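Asker: Here it is, the structure in full.
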Amino acid sequence: MNIELIEALKDLEKERGIEMDVLIEAIEAALISAYKKHFGSSQNVRAEINRSNGDTHVYYRKDVVEEVTDDKLEISLEEAQQYDPDFEVGDVFESEVTPRSFGRIAAQTAKHVVVQRIREAERSMVYDQFSTQKDDVITATVVRVEGRNVYIDMGKAEALLAPSEQIPRESYRIGDRIKVYMLEVRKTSKGPQVLVSRTHPGLLKRLFEREVPEIQDGTVEIKSVVREPGWRSKISVYSANSNVDPVGACVGSKGMRVQSIVNELAGEKIEVVRWDADPAVYVSNALSPAKVVSVTVDANDKFTRVVVPDFQLSLAIGKEGQNARLAARLTGWKIDIKSESQAQEELAAAYDGAEPALEDSLELDASFAEEQE
């Protein structure tokens, strides 16, 4: 090795951000292993690379002692003082043992170490880059489909879209450009492994943040997001500014804003509802598109009893209970839905013959419905 090595290490320091001293120390450590492997030495040795000209030297090291018990690791004070009278017990005696043929071995070792360090540094930089993008949305290209696993190109790394993170009924072809949610970045022996998702609620949230300027500037706030990927999702929004309609801002003129997100998510139906601090109002909003007659709240059990018109019962519950299920997840409240006729029957059974009380109850229900409208 020579001055060319030092120049190459300096260039690497500038281009890759790897400190030259770190590389040299790694090469020196590797040279010690190479020396012992090729020359069968069990001695304690030290390798040194001259930082100026790249010359390589190997020295064996022995502890200076009064009485030698292992001549491979120790040297007597008397013998050491023959080389230098200033030696004392406890000092370390060194002598150069660089083999004549060591230059070629040193060059090969240095090349291997440098390549390995460059690879590690690049992996570290890729990991750091994608770690900062966790929980964000990235547009990437599908490059491979192996079984049910989909691999996408993210520039400096390849990400895995696992079957569990894929939208049902959505197909992926090589060359497709899709938006994915950065789920996790793992360190592995083969470099960083990036895991992405198309089903995570965070994807829907980030898409709205990108699409709606009022969310970007903080005028509209996203309170909660729930999804049944590929089928239906609900998002609740709120604005402290009374002059801003948060739902209208997210839907956009003629529904253009929300429609662009629907298209990105393979036609997934998206409902935007208004968040409210009053759980009765919030639950009523969350059951959209169904119209609610009344909501009774049990704060202790975080339970709500909802009454809807008879003809809207199936709409409120949704196909296979989907609407009610999403509304419960969105609000965090348990929801029991009854039709008006069911509610009347239950009241009649509880208060047999108490017609005035039933009428009063229905009048209150009707006033609640008017407030919601």
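Coordinate-derived values only; no laboratory data. Since this is a predicted model, take the numbers as computed values, not measurements. A quick note on method: Cβ atoms are made from the backbone with ideal geometry, for glycine too, and the neighbour counts reach across all protein chains shown.
Asker: K62: which lysines have alpha carbons under 21 Å from its alpha carbon, excluding same-chain residues fewer than 8 sequence positions away?
Answerer: By straight Cα distance, K62 reaches K36, K37, K72.
Asker: Counting trypsin sites (Lys or Arg not before Pro) as exposed when in a DSSP loop with at most 16 other beta carbons within 10 Å, what is the longest stretch of the chain free of them?
Answerer: 191-290
Asker: Give the Rg/Rh ratio for region 200-275, taking Rg as the radius of gyration of the Cα atoms and Rh as the Kirkwood radius, to two decimals. Present the calculation step by step, with values, prior to reporting the outcome.
Answerer: Working: Rg = 11.3 Å, Rh = 12.1 Å.
Reported Rg/Rh, Kirkwood definition of Rh: 0.93.
Asker: Pairs of alpha-carbon atoms within less than 8 angstrom and 6+ residues apart define the contacts here; what relative contact order does the chain have, in percent?
Answerer: This gives 8 percent for the chain.
Asker: If you don't mind, there's one more thing I want to ask. Take each uninterrupted DSSP H stretch in the chain, measure its Cα extent along the helix axis, and return the ones at 18 Å or beyond whose mean Kyte-Doolittle hydropathy is at least -1.0. List each step's numbers first, then the result.
Answerer: Working: long enough: 3-16 (19 Å, -0.54); 20-39 (28 Å, 0.68); 102-131 (42 Å, -0.32); 355-372 (26 Å, -0.64).
The answer, listed by residue number, is 3-16, 20-39, 102-131, 355-372.
Asker: Moving to a separate point now. Taking only pairs that are 8 or more places apart or on different chains, how many Lys pairs in region 200-275 have Cα atoms under 17 angstrom apart?
Answerer: 6
Asker: Give, in nm to one decimal, the length gained when the segment between N53 and Q82 is fully stretched (0.36 nm per residue of separation minus the Cα-Cα distance). Present the calculation step by step, with values, prior to reporting the outcome.
Answerer: On the way: separation 29, 0.36 × 29 = 10.44 nm, distance 3.12 nm.
Between N53 and Q82, full extension yields 7.3 nm more.
Asker: Using only helices, what value at 222 nm comes out for the chain when you add -39,500 (n - 2.57) per DSSP H run of length 4 or more and divide by the total residues, to the nearest 500 deg cm²/dmol?
Answerer: Details: 13 runs with 153 residues, N = 373.
Only helices count here, giving -12500 deg cm²/dmol.
Asker: Using Cα-Cα distances under 8 Å and only pairs 6 or more residues apart, what relative contact order does region 3-130 have, in percent? Write out the running numbers ahead of the final one.
Answerer: Values: 151 pairs, mean separation 31.7, N = 128.
Reported as a whole number, the value is 25 percent.
Asker: Run the quick spin-label model on L195 and A107: label points 7 Å from Cα toward the beta carbon, then report their separation in nm to one decimal.
Answerer: Going from the L195 label point to the A107 one covers 4.7 nm.
Asker: Let me ask something additional. Using 10 Å bins from zero, what percent of all Cα-Cα pairs in the chain falls into each bin?
Answerer: Here the calculated profile for the chain is 5, 16, 17, 14, 11, 9, 9, 8, 6, 3, 2, 0, 0.
Asker: Still on this structure, I have one more. Full-extension gain between R210 and K37, please, as 0.36 nm times their residue separation minus the C-alpha to C-alpha distance. Walk me through the numbers on the way to the answer.
Answerer: Numbers: separation 173, 0.36 × 173 = 62.28 nm, distance 5.87 nm.
Separation in residues times 0.36 nm, less the Cα-Cα distance, equals 56.4 nm.
Asker: If the label point is 7 Å along Cα→Cβ of E122, which residues in region 1-39 have backbone nitrogen under 12 Å from it?
Answerer: The answer is 16.
Asker: Could you work out the relative contact order of region 249-294? I mean the mean sequence separation of Cα pairs under 8 Å and 6+ apart, divided by the number of residues, in percent. Mind showing how you got there, number by number?
Answerer: On the way: 24 pairs, mean separation 10.2, N = 46.
Result for region 249-294 is 22 percent.
Asker: Please give the residues of region 248-285, grouped as numeric ranges, whose backbone N is less than 19 Å from a label point set 7 Å along the Cα-to-Cβ vector of T219.
Answerer: So the set is 248-259, 272-275.
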